[in-house]
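The structure appears below as structure tokens.
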Amino acid sequence: MKDPFKQQGAFSWFELMTSDVDSAKKFYANLFGWNTEDMPMGDMNYTVVKVGEEGLGGIMSIPPQAEGTPPNWGVYVTVDDVDATAGKAEGLGGKILVPPTDIPTVGRFCVLQDPQGAVISAITYVSSE
């Protein structure tokens, strides 16, 4: 498979937003044998989930703007242009739950809801070339 961080339409990152990061890290490490690495990101800590040395997802506290949301796993799909993807989703009857937003040094993402109510995130990564 091509690099999922560069391939349009590829699932590329999985992320848990939870009310108890430490308990979640212990649970999933014991369940799946995942390794974790904490990474300070401004005013928050982000935990990268790894299989061996390969990062495949993250764990974070539910942010203030999502207060009241139950803990949940989300998935990111790589797109060539997150802004165009958000516009296309609206045109197809979807909703933009989080508008295209920059993540410093990572890329630009948005959170979309399909017409049936399912939620997915789209992301355009910063080029590492």
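What follows is calculated from the coordinates using simple rules that are stated; it is not laboratory data. Every value quoted in this text rests on a predicted model; they were computed, and no experiment measured them. Backbone-built Cβ (ideal geometry, glycine too); neighbour counts: all protein chains shown.
Based on what the data block shows, is T124 in a strand (DSSP E or B) and touching a helix residue (DSSP H, G or I) at 6+ places or on another chain (Cβ under 8 Å)?
Yes; evaluated as a whole, the condition is true for this residue.
Return yes when D83 is charged (D, E, K, R) and touching a residue at least 12 places away in the same chain (Cβ under 8 Å) and no when it is not.
Criteria met by D83.
More than 21 Å from Q7 (Cβ to Cβ) and either among the hydroxyl-bearing types (S, T, Y) or surrounded by fewer than 11 Cβ atoms within 10 Å (Cβ to Cβ) (or both): is that true of T85 in this structure?
no
Within the stretch 85-104, which residues are in a helix (DSSP H, G or I) and either touching a helix residue (DSSP H, G or I) at 6+ places or on another chain (Cβ under 7 Å) or among the aliphatic types (A, V, I, L, M) (or both)?
Across the stretch 85-104, the qualifying residues are A86, A89.
Which residues, counting only those in the stretch 93-107, are among the small types (G, A, S) and within 11 Å of A122 (Cα to Cα)?
G107
Every residue in the stretch 1-37 that is among the hydrophobic types (A, V, I, L, M, F, W, C), out of contact with any helix residue (DSSP H, G or I) (no Cβ under 9 Å at 6 or more places or on another chain) and assigned to a loop (DSSP other than H, G, I, E, B), please.
M1, F5, A10
Residue check, T47 against (1) surrounded by 15 or more Cβ atoms within 10 Å (Cβ to Cβ); (2) of a type in the set (S, T, Y); (3) more than 20 Å from V106 (Cβ to Cβ), all met but one. Which one?
With respect to (1) surrounded by 15 or more Cβ atoms within 10 Å (Cβ to Cβ); (2) of a type in the set (S, T, Y); (3) more than 20 Å from V106 (Cβ to Cβ), T47 is out only on (3).
In this structure, does T105 turn out to be of a type in the set (S, T, Y) and either at positive phi or loosely packed, with under 12 Cβ neighbours inside 10 Å (or both)?
Taking the combined requirement at face value, the residue satisfies it.
Among the residues of the stretch 65-79, are any touching a helix residue (DSSP H, G or I) at 6+ places or on another chain (Cβ under 8 Å), under 22 Å from S127 (Cβ atoms) and not in a strand (DSSP E or B)?
Yes, some residue in the stretch 65-79 is touching a helix residue (DSSP H, G or I) at 6+ places or on another chain (Cβ under 8 Å), under 22 Å from S127 (Cβ atoms) and not in a strand (DSSP E or B).
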